[in-house]
Each structure stands twice: as structure tokens, then as C-alpha cells.
Protein chains: 2
Amino acid sequence: RVHCLRSRNAVFYVNSFAARTNTCGELRAAHIGQEVTLCGWIQYQRQGLFLVLRDFQGLTQIIIPQDEAHSHVRKLLSNAPVESVVRVTGIVSSRPPGQENLKMPTGDIEVKVETAEVLNFCKKLPFEIKDFIKKSEALRMQYRYLDLRSSQLQHNLRLRSQVVMRMREYLCNHHGFVDVETPTLFKRTPGGAKEFLVPSREVGKFYSLPQSPQQFKQLLMIGGLDRYFQVARCYRDEGSRPDRQPEFTQIDIEMSFVDQAGIQRLIEGLLQYSWPEERGPITTPFPSMTYEEALADYGTDKPDTRFGMKIMDISDTLRRLDIGFVQNVLSYPHSTAKAICIPRGVVKGSTDMNIFFLLILPDGSLKSLLTKFLSEEQQSELIQALNMQVDDVVLLAAGDHKRCSALGSLRLESADLLEAAGMVLRDPAALHFLWVVDFPLFLPKEENPSELESAHHPFTAPHPSDTNLLYSDPTKVRSQHYDLVLNGSEIGGGSIRIHNAEQQRFVLEKVLKEDSEVLSHLLEALEFGAPPHGGIALGLDRLISLIVGSPSIRDVIAFPKSFRGRDLMGNAPDYVTPEELEPYHIHVSWPAAETEAKKN
Amino acid sequence: RVHCLRSRNAVFYVNSFAARTNTCGELRAAHIGQEVTLCGWIQYQRQGLFLVLRDFQGLTQIIIPQDEAHSHVRKLLSNAPVESVVRVTGIVSSRPPGQENLKMPTGDIEVKVETAEVLNFCKKLPFEIKDFIKKSEALRMQYRYLDLRSSQLQHNLRLRSQVVMRMREYLCNHHGFVDVETPTLFKRTPGGAKEFLVPSREVGKFYSLPQSPQQFKQLLMIGGLDRYFQVARCYRDEGSRPDRQPEFTQIDIEMSFVDQAGIQRLIEGLLQYSWPEERGPITTPFPSMTYEEALADYGTDKPDTRFGMKIMDISDTLRRLDIGFVQNVLSYPHSTAKAICIPRGVVKGSTDMNIFFLLILPDGSLKSLLTKFLSEEQQSELIQALNMQVDDVVLLAAGDHKRCSALGSLRLESADLLEAAGMVLRDPAALHFLWVVDFPLFLPKEENPSELESAHHPFTAPHPSDTNLLYSDPTKVRSQHYDLVLNGSEIGGGSIRIHNAEQQRFVLEKVLKEDSEVLSHLLEALEFGAPPHGGIALGLDRLISLIVGSPSIRDVIAFPKSFRGRDLMGNAPDYVTPEELEPYHIHVSWPAAETEAKKN
């Protein structure tokens, strides 16, 4: 009676300890003649003749007996509404010839019911649980437990569980990593403006929910743990942002005595090992690109390399063309002219133009260049320089070379438009992994460009070749940070960390001008024999959504929040009474109008 | 160059991706002649002659060359303070005859250094990292990263990781459970007075950190997930309580179409599969005891069955003895007299007494009975009834039979005293697992015994034999709750849940008189085809501390909080600025004195 399914390296007894002999996805011709007990939801029921029973694993057709001896069973099953939960016992039989359903894995058989029990009735549903019925997302989130019954969400959550399990096997069983749980009730970190606060019972004191276990994983290395990983819950309060969740999960990894290449090979092996067969295989090592190349060629630090349309530098050509206001733009320091050429691009009804120019002035405004500025000779020169074909469209931008991101966004938008128009640019099966390396260690602050901030975080080590520059010209220092990009989405990032206390203090105090007091425990720890170490974090929600091909991470999270951070099913967050706030010594600052309203 | 260690079912490449060839615990006679590179901490260094290098896996003796060609290496290693991090490369050699160290796994060999590098220096330590040096716990927590280097904490954290990994293999790979992450930002639940609050950006609205994923796991069953597990982070704000942590971890399990026996067999299989070899094997099934038996025989619902000294009911004997004030006590309804007999018990200087009585009066006060009340005949009758031997001590209590817990506590305290005096009562290697079942579903509220509250939680299903009593006499209803006890500690608890919406509503509204509005989403979910389901949660911190034989769960948590809920290393919780509170529309209610002080 014990049936099992074989996965890549494990035997599943999905029916162990349960009141069934088989799942609804399990029965085949080989089971014909067996008595089986199935539990599941009524997917469909027709005139008391048959019904389709569903569970997490599939569908089975159940034949309702029509003879007098089974009239009780027939009545019971005919009266149970769709989505009621039933248990049936019966004999597996072959379907009558010609009635097999090849599309259904259990399509060769049906189960002739002997006894049946309605375990729970279902009242009228707010929507039908069929994959093809489109529901409003708010309704789906309010009745999330019904949406979870869809084959898509069942598949996504099960695949997520399996991928994570394979990752654990690779890290823990194969490479000696230790799964360590780090606290989520910690304290505010410098620049932690996006950290949720948790009031404590000590007046005026708050815990903070960390954005990552960064400090703890470094402290574990200092504690000699050697290899750490954690499927870590992290928190970030960003208010309302589409496709961000206030809590999210990262595969958090740190190891000692390792360099950048070591972490990269580790992660390549991890992804290769855990990659689901349905999307595999993937080849390693992944290609690598410097931050500078990525910005120059793709206008972004997370290039989608599944298609071309790379950014070209045409400053020299344009300088030669001698168009007044273009020259003017190009005369500023660090100014360049760049272009992307959209093959047979038909963008925004510009079909009657062979060449289409866009110019971004230093103030960010756009100007369209017309051919009338150019002689025919100049036009050919430009066409040649851009290697343009008939019907191609060129997008061109000139200005500060750091503003390439505008062209990078236009490149992606153009690809979307081209694909919407029917052109196949990006193979949906393609997996373009890419390491982006050699990031700058510091960037000028947006609000005050004469001050520097960490491009990633203050614990990132400088590039070994640039260590001396740290003390002379920190703006020029590259870091040992690395990002992992898949099909244009950042799925992970990490770095080799600073393990020298003096260097860490210099970065915090002299370069970043931060108050290092709040990190005094970490600075002190670095003085007590900290090993060289580095690590990475993979964004699990995004990674799984890319694997299953879902546009939103909400489709790979069991109970996601809405984009305003609300749980629409349980109605969280919610009001609490002043009495409940009392132990935490806080009260709510109601806006004047509401306070007034409460008084009256 | 790839060395590996074999564990029960996996090959560890502990040196993959790292700048070493071997760990410090790995080298044996078989490696003699090989060139190796080790990384580790200097545990000990003697006169520039040799040093002992330590990493997470062990110790290796390193011989410092004394010839002129290696003077640089000698100088480097002699000057590096203890706990500095070094990398050495050298040749594995056999120790000179007679100098082998049998106590050291690497005691047959030593490594003759060729080249060495100090990767980081260590400043003077606040305490020595040797297991035999006792430190104050506050100091250990402040420098947790140093304490983590101790072999005890290394062992505890690694064993914890391995046990959890084995549990995952059993659940996920062998029995088809799905690892689902549930939210930790949720909302206040009824009676959730111990839930931490998290202010949101919506005025007056708060998230709450749940004490368990109870609601979510039931909703997953309603969502057809069939089998769920999670190593779940949970939160409980209990203020200051010894050996409790504000955040803790439970192995959280739920499955559909299961009964109580199914969950029990699942958990027995889980523990048997994941139990570490060093403490195994364990035999299953575990014995079972009803709540009533447990209270009667052990005076507690989590009996330590490793030793006898069970509670005896001697009401009939005492009634016959006819001692005035005892009779008086026994005349109250529900009054009993109970006793435990401590074999050769020598408690608190009572050596010159053959019998020692303790009586608990209904008001809780103790009274000592002297033999002068009893005739010699009566004394023998009592001695016979209690089956006393010479030197035995009897503790006796009479009063309301529900007050047996006093005798239960005295039984445990007596065992401690006897063991302190050198008697071996509880074999430290013994593992007494016990299911405690048939708990009452409801208990009278302590503050108002005429009202009822759930003995565990309001989702617990009534015992199938007692369902009708729910509507007639709820105080008599037993539940389908089960606790798992190991050596007198509760390590888990769970129940079959109510899956019928009407029954759930009746329990909440009619029996518990709770406002069910806050649970309306769950009540509604039960109406949409909820399958019968049940589950359990194991307290991971306590379980691991019992496995490693540690008295405190702080020894199995990487970064525990102090008993006041503080992180003594990072200084959490901490003050935040009013500006940081602003987005959350709260402010601190400072006590008047402090507000005054701030003004001045």
C-alpha cells in the first residue's frame, strides 16, 4: 500500500501517515484492479454521474455508481458543492476504449467509488479556481488560500522548496557550510533609514529588523565558524514600491580564507546543482564584465545580454560632423555621444523616417535632430559609423558620460516595444548569467557630490590593486564587490570584506565621515584575529520568479503583502489599543484633524 | 589536493574554494610527506620553536624551522600574538618517536613550516579562549565572537545545523513536505499580549511579530498544500524571564488528512532519522500517558520518567489513621492525600528522622506532621502503605487534588538534592521520550474561574469521543492536543485542528466569549472546503540543548539575548532619534522625571 514517487535523489512517500492510499495525480494503468482511497477537492461534478477530484498532485476521474445499493453515495456526492473536500474509496478501472484522456497523466484510468465521505462542504466561492480565469489581484490576495489551490501557485511554492533544499544539500552536505540562525531583533545600523523599528519594554529603546545579517555573518567568521549560510528573512521598509516586499528572503553566505574567484565558483556550483531540471542545464563559469564595460555597453550595471543593441560611442564621428549645438554639448568635460541601433526598429510610428535621433541635453531634456542639419555626405558618414541598415532606428544621446543610463533604459524599452510588435529578441528559455565586477568602492552622494558614500556597504574591501589609492584618491578605488545578473535582473551581490581594523576605521571615519561608534563592536572584533573573509547574498524571491517565469515575486511567496505593504487577507497592519502600547512607552502621533475628531 | 570527510550520508569538501589544502583537524599519518597549506588561529606558541594552530575542526602542531634560511618565518611566527590568524605551508612529518599525542586526532604528525603569512594580528584578549576557563556570562556575551571559537560552541552550532538538515531531508525529500516561508509581519491575534509590535507608516497601525505561524499553516492546508513544514522564527515578548529568548525557532509542521497517531508516528520517525549518532539510537514508538495520569503520578504535565518516586494516593490510608486536622483537610470535596517516597532520601539534615511529613493546606501553607500524633500501630500501617524502607523520606501533601503540582516540584527538587549528594538517579545518557495526551480542551481562567480559556489555543479540535460534551459541558471535553516530553522538558506540542467553521465559531463565541472579528479571515476560510488537518511544533532551541546536554538554550544559539532581552555585544535595543520615529507616527512616552531632565 505504500506508493512512492522518485525525484532526482530522493524517494517521496507522499501518502505516509495520511488517510489515503494514493494522491489524485498518481494512478496509472498499472494500478487497475487495486482498491484505493483518495482525498481531495471536487473540481467538477456532472449530474451525479462522475466527478473530477483534485489534490496538490493532480486530477482523477471518479465514477459515481448508479445502482440502488450506492444511492447514499450518489446522493452525497451529487449534493456536495464544487471545492468541497471528500474522501472516496473505490476500484481503479480502465476507462472505456476511446475515452482515455491523453492530456491527463491519470487519463487512462478512473476510480469506481464504493464508499465516500464528505469531509467538509464549501460555500459559494468568490471566484472559480481555474487557472484560466483572470481575477483581480486584490481579490486573489484577499482569498489567498483559494488562490493557493491553483496549479500555478502549487507549482511555484513546491519548486521553491525543492530549489532551496538542493541549495542546502550543496552547501551543508557537500561543502561543509553551517546553517546558523542570526537574530532579527537587532539595532539600528548607520544609514539604516529603511529599517523597521520594534519598540522594547525599555523606555525609548527600540530594536530594529535588519536589512541583512551582514554584521552577524562577519562576526561568525571572526568567531571561527569558517563557512556560514542561512536562508535569511530580511526586512526593508520602503513604503510603497511595486514588486518589493517589506520582508524578503536571501540565501546568505559567508566564508573565510576565500577570494572573489572562490565565491564566484561556489555560487556557480550552487546554482548548477540546485537548478531545476525543467529550466536546466546551465553552463559555468558565468561570463564576467566590469562595471565600466557594463555601463559603457549597456547603460546599466545589470545588463540583459540576451540581445544585442549595445551602446556605441560615436563621439568622434559626431565631432567631425560639426553640428553647432551638438558640438556645444560635446565641449563639456566628460561629454560623449552614444547611440543604440535598433534593427528594423519600428518605434512609435516613426516608420517614415530612416534615421531618428534623440539628444539628451545636460539638463536632461530631449531634442530631436533632423536630417536638415546634415549634408548628404555627412548623413552617409553617420549611417556608416552606426552600421545602419534600411528601416533601422538609432537612438542617440550626448552629454555627461555618466548619464548613459538613459540610453540603457531606452534599450530595454525598445526591446519591449519590438517584442510587443512580434519580433523575437529574447529567447524565453535563454539563461544569461553574468558577473559584474570592479565596481567603484565609493560614489559621490547625490545630494552633495563632494562627499562620498559606499557604493554598496562600508565593509566592502578595496580591489587589491587599488589599496594605495584608498589613502590618496578614494574616488578612483575599485572594490571587490561582485553582482550576479540573470537576464538583466540582479539576483545576487557580495564582496570580499575588509578584515583589517585600521582600514575599516579609515573607511568609516576618514572617507565616509561616519560616526563609527554604532559599529564599535564590529571594529573591536576586527582587532581580535579576524580572518580574511567574503560572501554573497542571493535574492531568493527574484531568483525563483525568474526560474518559473513569473513577472512578480508575489507569485512565488505564499502570503505576500500588497504593494502598500498590506496583508489583504488578514488585514495587517491594524490598529491597536493605547493599553497595548503602554508596555512599550510609546503613543501614536495622530494628525491634528483626527485628534480633534476623537475629542468630539 | 581535494580532501574530504565522510559524514553519515554526504561527502564534505571542507576545503573547496578556500586558500588552504587541509583543515587543522584533518592530517594523519597517511599524509606524511605531503605539502599542505593550513589557515588558522595561533592557539599556543613556544619560544619560536613550535606553535599549535587551531581552526573549527581541530589542532595541528606546527614546527618552526630554526635554520638561517627561515629566520624571517621564525621571526614572523614568534612575534604573532596568540589568536592571530596565520597561513602556513609546509611538509607533513611524523612526530619523533615517543612524542606522539594520543589524545590529539592529529597527534601522530606535525607540519614543518616552509612559508608563513600572518593574515591578521590579535590584540590582547579580554579572556583566554580555552574551554576550561570559566568566564562571566555577561563577558562571554559581550565578546560572543570570541566565545564562538570555543570547541563547545563550535560543536553545538554545527550539530544544530546537521540535525536540522537531517530533519529537512526526512520531511522534504522522504515525505513530500513543502518548506513554505510564512510572514512575520502580521497582525495582533486575540490574547496576543506577548506579541512585539512593529509600527507601520500608516498612522496608528501596527504589524505584530507572531508567536507562531499557526494561522498561516492552517491557511496553507486550506490552500491545498497538503504537507507543510518550516524552520520558523517566532517571537514572544515576555519581558525578563530566565532561559527564554525574545526570538526563538520552532520546527513547524502541518499536514492534511491526518489523525493524532499519524502526527505522532511522523514525529517519532523524524527524531529517529535526525538524531545525532553521538546521542542515539532512540527507540520508537514513544510511550504515551494521559494528562490525568501525568498529573496524578508525577504532579506535572511534563513528567521526567527517568526515575521513579511516583506520587502515591494515600487518601484512604490517612482517612483511616484519623488525625484531626488531616481529616479536616480531607473532608473538603476533591481533597486527596498524596505522597512521594524518596529512597534512602537524606534531605536537608533530616537524617535523624525516619519519616518526614509535609502537608500542604488548602491555603498553600506547609505543616509538618510529627510521629507523636500516631500510635505505633498507625505508624506501621503508614510505613506499609507507603512501602517505606529504612532511611526513606516521605513527602506528603493533602488538599485539593488539583494542587498536586507542589508534590511534582518537590519530586524534582528532591532528585536534584539526591544527585547533588552523590546518588545517581537519572542516567545522563537516558532519553525518556513521552507523549502526553488527552489534555482538557478548556481550563477555568485563573483570574475568574467561572470563565473558560483554551488550554492551548482556540483552534484545537475536541477529542472525537467528547464532541457532544462541547455543547453540554465544555469543562469536561478532552482535546486532540498532544505534547512531546523529553526527560521532563516539553520539546513539542500540537493538535488536530478544528476544520468545521461552525464548530470553530461556537468555540470562539460561545465557549471562549471572544470577539471572533479579528479571526474572520480564518473562520471564512474554513467555510471554503477546509480539509481535516493537524500539526505540531518542536522547540528547536530546547531540543538541541537537551541533545548536547547544555543547561541553557543560550549555548545553542549563535547570538543570544541576555535574560533582559538585550544584545550585550551590539547593544540592542538602543535609542533612536525623534526624526527616525516620525515616519511611523509614534513618539516615546518619557516618564515625567526624564522629560523634565531633558528640558533642563
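Numbers below:
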quantity: Test result for B:Ile544, closer than 25 Å to B:Pro287 by Cα, in contact (Cβ under 8 Å) with a residue 60 or more places away in the chain and crowded, with 18+ Cβ neighbours inside 10 Å; calculated: yes
quantity: Selection within the range A:311-332 - open to solvent by less than 60 Å² (accessible area, probe 1.4 Å) and not in a helix (DSSP H, G or I); calculated: A:Ile311, A:Met312, A:Ile314, A:Ile323
quantity: Within the range A:210-251, tally of residues that are part of a helix (DSSP H, G or I) and among the aromatic types (Phe, Trp, Tyr); calculated: 1
quantity: Unique residue being modelled with pLDDT of 95 or more, among the β-branched types (Val, Ile, Thr) and closer than 30 Å to B:Leu543 by Cα when the list is B:Val485, B:Val477; calculated: B:Val485
quantity: Selected residue [crowded, with 22+ Cβ neighbours inside 10 Å, in a helix (DSSP H, G or I) and touching a residue at least 24 places away in the same chain (Cβ under 8 Å)] from A:Val507, A:Val485; calculated: A:Val507
quantity: Residue in the range B:468-482 that is least open to solvent (accessible area, probe 1.4 Å), counting only those that are part of a loop (DSSP other than H, G, I, E, B) and without any contact (Cβ under 8 Å) to a residue 12 or more places away in the chain; calculated: B:Asp473
quantity: Considering residues of the range A:267-288 that are part of a helix (DSSP H, G or I) and among the aliphatic types (A, V, I, L, M) only, the residue nearest to A:Tyr482 (Cα to Cα); calculated: A:Ile267
quantity: Residue within the range A:215-231 that is facing chain B (nearest Cβ under 7 Å) and on the phi > 0 side of the Ramachandran plot present; calculated: yes
quantity: Pairs, first surrounded by 14 or more Cβ atoms within 10 Å (Cβ to Cβ) in the range A:423-451, second among the aromatic types (Phe, Trp, Tyr) and part of a loop (DSSP other than H, G, I, E, B), C-beta under 9 Å, six or more apart; calculated: A:Leu425/A:Phe307; A:Arg426/A:Phe307; A:Leu431/A:Trp275; A:His432/A:Phe286; A:Phe433/A:Phe286; A:Leu434/A:Phe286; A:Trp435/A:Phe286
quantity: Extreme residue, nearest to the other protein chains (Cβ to nearest Cβ), among residues of the range A:133-148 that are assigned to a helix (DSSP H, G or I) and open to solvent by 20 Å² or more (accessible area, probe 1.4 Å); calculated: A:Gln142
quantity: Those strands (runs of 3 or more DSSP E) lying entirely in the range A:32-75 with at least 1 residues under 19 Å from A:Ser94 (Cβ atoms) and not assigned by TED's automatic domain parsing to the domain that holds A:Ser16; calculated: none
quantity: Which listed residue, of B:Leu197, B:Leu171, B:Leu185, is touching a residue at least 60 places away in the same chain (Cβ under 8 Å), among the aliphatic types (A, V, I, L, M) and either closer than 30 Å to B:Glu517 by Cβ or open to solvent by less than 10 Å² (accessible area, probe 1.4 Å) (or both); calculated: B:Leu171
quantity: Test: residue in the range A:456-465 that is in contact with a Leu (Cβ under 9 Å, 6 or more places away or on another chain), touching a residue at least 60 places away in the same chain (Cβ under 8 Å) and within 18 Å of A:Thr189 (Cα to Cα); calculated: yes
quantity: Answer from A:Asp427, A:Asp416 - the residue that is more than 25 Å from A:Ser315 (Cα to Cα), outside the structural domain of A:Pro190 (by TED's automatic domain parsing) and in a helix (DSSP H, G or I); calculated: A:Asp416
quantity: Tally of residues being of a type outside the set (A, V, I, L, M, F, W, C) and in a helix (DSSP H, G or I) across the range B:488-504; calculated: 3
quantity: Candidate set: the range A:510-532, residues that are at the interface with chain B (Cβ under 10 Å from one of its Cβ atoms) and under 23 Å from A:Cys234 (Cβ atoms); chosen: the one most open to solvent (accessible area, probe 1.4 Å); calculated: A:Val518
quantity: Output for the range B:210-253, where each listed residue is small (Gly, Ala, Ser) and open to solvent by less than 30 Å² (accessible area, probe 1.4 Å); calculated: B:Gly223, B:Gly224, B:Ala232
quantity: Condition check for B:Arg244: facing chain A (nearest Cβ under 8 Å) and either within 29 Å of B:Phe177 (Cβ to Cβ) or modelled with pLDDT of 95 or more (or both); calculated: no
quantity: The range B:266-283: number of residues that are in contact with a strand residue (DSSP E or B) (Cβ under 8 Å, 6 or more places away or on another chain), away from every other protein chain (no Cβ under 13 Å) and of a type in the set (Val, Ile, Thr); calculated: 1
quantity: Considering residues of the range A:200-209 that are more than 23 Å from the chain's Cα centre (by Cα) and assigned to a loop (DSSP other than H, G, I, E, B) only, the residue surrounded by the most Cβ atoms within 10 Å (Cβ to Cβ); calculated: A:Ser200
quantity: Within the range A:45-69, tally of residues that are open to solvent by 50 Å² or more (accessible area, probe 1.4 Å) and within 14 Å of chain B (Cβ to nearest Cβ); calculated: 2
quantity: Single unsatisfied condition, A:Ile355 versus (1) at pLDDT 65 or above; (2) in a loop (DSSP other than H, G, I, E, B); calculated: (1)
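Conditions (1) outside any helix (DSSP H, G or I); (2) at pLDDT below 85, marked per residue:
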{"site": "B:Leu396", "(1), (2)": "yes, yes"}
{"site": "B:Gly408", "(1), (2)": "no, no"}
{"site": "B:Val436", "(1), (2)": "yes, no"}
{"site": "B:Leu443", "(1), (2)": "yes, no"}
{"site": "B:Glu453", "(1), (2)": "yes, no"}
{"site": "B:His457", "(1), (2)": "yes, no"}
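Here's the yes/no breakdown for (1) surrounded by fewer than 20 Cβ atoms within 10 Å (Cβ to Cβ); (2) within 10 Å of another protein chain (Cβ to nearest Cβ):
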position	(1), (2)
B:Ser150	yes, yes
B:Arg158	yes, yes
B:Met167	no, no
B:Phe177	no, yes
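The values are calculated or read from the model by the stated rules, or taken from the named source; none is laboratory data. Since the structure is predicted, the reported quantities are computational estimates derived from the model, not experimental observations. Ideal geometry is used to build each Cβ from the backbone, glycine not excepted, and the neighbour counts take in all protein chains shown. Accessible surface is based on the protein model in full, side chains and every heavy atom, while ligands, DNA and RNA are left aside. Shrake-Rupley method; radii C 1.70, N 1.55, O 1.52, S 1.80 Å.
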